[in-house]
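Here's the structure, in structure tokens; my notes come after.
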Amino acid sequence: MNKVNITTAINPFVIDKTEKHWILTSKFRNYSISPEEILDYIQKGHPICSCKLLENDEGFCYRDSDNFVSGQIIGVDIDNKIGDIKLSIAEGYVSYEDALSDPVVTSKASFLYTTKSSTEEHNRFRIIFVLEEPIEDKVQYKTIISHFANYFKGDKVATAVCQIFYGSKNCTSKIFGNVLTTEDVNEILEKEKEKILSKSKSNNKNYIASHDSNFKNNNLEKKDLEEIISYIFKDGHTENDIWFKTISILKNHTILSDEEIRTIVSKYVELGDIDKKLEYAEKYKDVGIGSLIYFAQQNGYIIPNHIKNKNSTFWMIEEDKDKNKVTINYTDLNNHLSANGFRKYRDTFIHIDNMIIEEVKKEDIKKYIFEYIRTYNSITPADKIMIEEKIRKSSNTLFPAIFSNLDFVNEEDIQVKSQDTSDTVFKYFKNGIVQITKQSVLQLPYNSLNYYVWKNQIIQRDYVESDDKLSEIEQYITDVCTNSRNGIFEVPDSERVTLLKKAIGYLLTGYKDPAHSVAIILTDEEISDTPQGRTGKSLLGKMLMQVSQVADIDGRRLNLDNQFSFSNVSPSDKIIFIDDCNKKFDLTNLFHVITGGLTVEKKGRDSIKLEFDQTPKLLLTTNNLINLSGRSSTERVVEIEFSDYYANKTPLEKFGHRLITEWDNKEWARFDNALIRYIQLYLRDGLKQENKNNRKLKTILESIGQAMFEFIENNIEINTAYPTSSVKEAFKEQEELEATEIMSQTAFTQSLRKYAEQYLGFQLLTGHKKKKKCFVITDNKNSKFSAFEIADEYK
């Protein structure tokens, strides 16, 4: 029996397994002892580490591979099971008694012992080898561990360089006292090196095809990842190195959350210290999806075409008369682009990446092709140049063929319409999805998506809950809903404040109710013959652009008779913002957009038909009075007046900085949370407007003019007859009008009629009194002109 002392770490504070993982991991101490003393610690229930570890100032060791110093113990775990199922003899079950007579055990092992969970029906034990000299090289040490684990078909999960062996009180044991000499170790290392070289040659083709350097597209779907993992753990275990790398790859290079990784892996193996593997995954980002696929291939996994095409070649290089010739295969290129997410959606080119859709241009597809060639590592730089040159020379025929034959996406699968409902709204931020209901706000991860989202709908900032400070949009809404008298601003109109917030919530909700679909119109409260604007209406549109996809249209240049009026509207847009509608704007031309669908005509491209639930909602601003005639018009709009608060003081003067462009992260958080509250307000109460604005007054002012309106208000009494010519002459003198400015008698009477009927809801009667043409405004619609007396004197 060879005598040898071993320096290894033992935890004297733990007996058997414990739930106190911190003590188990951090309270090891290095001991220099004999194999017999190690077995004594084991039989007392203390856990043993297979290596010597770095010590801290207090002399304790933290069990971690980064703290590895050297290894002198090789342990093989014989669990005799796959997962939780006991092996049969045919499947390789080895009893403790069989192991005692194994020639490698009797000639090379130091001792054996049964583990705590071993039973007569199901033997579980460990074979321990000790080395004559400790190994300081981690790779060599790992090679020796794996060699014995493979030979005895031991648990490959228990092959870490700092593997823990739990104690086993009162276990059955057998000491052989053998030591692995330096010659034994070198012989094993040489054999393993030959195996690796041989295996590398036999698997070289498969390995190159799926190596990380070539497998650039790692956007695999969850179902593909589940299949790959099932092959890696096909036998219920795998080598510890692969075990660790698998977790690192899943953490760093896939869409899976930590909990999903635990759930999938636990189907095949015990999780063990998976939390530690997840924690340290960041250190191993250089190992990618190609390696994951390679691990699965070693157990029979065959890469399906939809994954293979992601990293396929679409060129062929062959010798032709002493020089190389390049051929581009159109079909392979089309399959490659399709596998990598490039498709056609209607008349638009798109790119799909893990349920996220982005509209792309032809130039983006060209750029991708050249970038893919440049980063493909299995060809020489000279070959890359030849392939690029071939594509450029044939671009006149190649690219038109690609663009015309690119696969169309299945519209039934893509579900581009909003997922919002009458009681739930979703907003998409960089750090996840925010689900909004009447009473709650819930944040969800992107891997919970089972439908597609347009990339430009993702708000390019993180969602975070805000502090209690009032958001500046809240103050802005209060300001534009505050009336003024004689230049002094009074108390805000609380009902108008609530209405504006509900309108914002309505516009930010993707759901469209066929029974109540309206356009939001922002107009000026101030009544004037010459509207000036600058009341902050356009600013609201810019705010909405920060949280929703908005098609911005210049209302001053908009010609609704032009078929290309809405050419800049895309399928992902949620709001059409028509800013500063001109005086001739006729809302009736947009009724079909409000209550029906929209056909988008684009020059040189096919039209896009958007159904009702895909058509964006309408937001309009105007400094003029939009014509609304009849109930059908008024039921299709919600009109909100803005005070002239910001015509007198700009937002820069009010807040000391520009809104939107000069907000910090805290203000953005307040802004986002305020809008979420407005959405909740709309979901709870809907969008109902009491007709409290100045529309009737604005209409008559626009129709007859402010001077005529004020003249009638100040001089004409109800139910009193007046000579028309005298009243007209008085108006002329009051306004000091030139002869060329005087309206005709008929036009003057028409103005009186509009005032009576459209503004007051009364009637205008005309007739003759005392040989003069006269008129009367009466609230008695049954009266006749003869019933009224002419005023004795008119001033």
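The values are calculated or read from the model by the stated rules, or taken from the named source; none is laboratory data. Computed from a prediction, not measured in an experiment: that's the story for all the values here. Glycine gets a Cβ as well: all are built from the backbone with ideal geometry, and neighbour counts include every protein chain shown. When the accessible area is computed, the model is the full protein with side chains, heavy atoms only, and any ligands, DNA or RNA have been set aside. Shrake-Rupley method; radii C 1.70, N 1.55, O 1.52, S 1.80 Å.
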Residue that is nearest to ILE433 (Cα to Cα), among those in the range 452-486 that are touching a Pro at 6+ places or on another chain (Cβ under 9 Å) and not in a helix (DSSP H, G or I): TRP454
Selection count, the range 197-238, where residues are among the charged types (D, E, K, R), open to solvent by 60 Å² or more (accessible area, probe 1.4 Å) and modelled with pLDDT under 80: 7
Subset of the range 767-786 [at pLDDT 90 or above and either open to solvent by 90 Å² or more (accessible area, probe 1.4 Å) or of a type outside the set (A, V, I, L, M, F, W, C) (or both)]: THR778
Which numbered condition GLU36 misses (of (1) surrounded by fewer than 19 Cβ atoms within 10 Å (Cβ to Cβ); (2) in a loop (DSSP other than H, G, I, E, B); (3) in contact (Cβ under 8 Å) with a residue 40 or more places away in the chain): (2)
Exclusive hit being surrounded by fewer than 16 Cβ atoms within 10 Å (Cβ to Cβ) and not in a loop (DSSP other than H, G, I, E, B), set GLN439, GLN443: GLN443
When residues of the range 273-305 are limited to those that are more than 30 Å from SER26 (Cα to Cα) and small (Gly, Ala, Ser), the one most open to solvent (accessible area, probe 1.4 Å): GLY300
Tally, over the range 424-464, of residues that are among the aliphatic types (A, V, I, L, M), within 14 Å of SER548 (Cβ to Cβ) and modelled with pLDDT under 85: 1
Identity of the residue in the range 608-630, open to solvent by less than 60 Å² (accessible area, probe 1.4 Å) and in a loop (DSSP other than H, G, I, E, B), that ends up modelled with the highest pLDDT: PRO616
Matching residues in the range 344-361 - criterion: being touching a strand residue (DSSP E or B) at 6+ places or on another chain (Cβ under 8 Å), outside any loop (DSSP other than H, G, I, E, B) and closer than 25 Å to PRO445 by Cβ: ILE350, HIS351, ILE352, ILE356, ILE357, GLU358, GLU359
Residues that are open to solvent by 60 Å² or more (accessible area, probe 1.4 Å) and either in contact with a Phe, Trp or Tyr (Cβ under 7 Å, 6 or more places away or on another chain) or without any contact (Cβ under 8 Å) to a residue 12 or more places away in the chain (or both), drawn from the range 333-357: ARG343
Selected residue (only one of ILE145, ILE127 is under 21 Å from GLU270 (Cβ atoms), in a strand (DSSP E or B) and either open to solvent by 20 Å² or more (accessible area, probe 1.4 Å) or aliphatic (A, V, I, L, M) (or both)): ILE127
Count of the range 20-33 residues which are farther than 16 Å from LYS276 by Cβ and in a loop (DSSP other than H, G, I, E, B): 1
Qualifying residue in the range 408-423 (condition: modelled with pLDDT of 85 or more, within 25 Å of GLU221 (Cα to Cα) and part of a helix (DSSP H, G or I)): no
Residue list for the range 103-124, filter: farther than 16 Å from ASP155 by Cβ and either buried (at least 17 other Cβ atoms within 10 Å of the Cβ) or free of Cβ contacts under 8 Å to residues at least 40 places away in the same chain (or both): PRO103, VAL105, LYS108, ALA109, SER110, PHE111, THR119, GLU120, GLU121
Filtered residues of the range 709-739 (kept if among the aliphatic types (A, V, I, L, M) and under 14 Å from ILE777 (Cβ atoms)): ILE712, ILE716, ILE718, ALA721, VAL727
Of all residues in the range 223-275 being among the charged types (D, E, K, R) and in contact (Cβ under 8 Å) with a residue 60 or more places away in the chain, the one that is farthest from TYR141 (Cα to Cα): ASP224
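Here is a yes/no grid of residues against (1) within 19 Å of TYR506 (Cβ to Cβ); (2) modelled with pLDDT of 75 or more; (3) open to solvent by 40 Å² or more (accessible area, probe 1.4 Å):
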site: ARG534; (1), (2), (3): no, no, yes
site: LEU539; (1), (2), (3): yes, yes, no
site: SER548; (1), (2), (3): yes, yes, no
site: ASN589; (1), (2), (3): no, yes, yes
site: THR595; (1), (2), (3): yes, yes, yes
site: VAL600; (1), (2), (3): no, yes, no
Flag if THR599 is under 33 Å from the mean Cα position of the chain (by Cα), part of a strand (DSSP E or B) and among the β-branched types (Val, Ile, Thr): yes
Selection within the range 57-101 - at pLDDT 85 or above, open to solvent by less than 50 Å² (accessible area, probe 1.4 Å) and assigned to a helix (DSSP H, G or I): ASN67, TYR96, ALA99, LEU100
Of all residues making up the range 40-56, the number that are open to solvent by 70 Å² or more (accessible area, probe 1.4 Å) and in a loop (DSSP other than H, G, I, E, B): 3
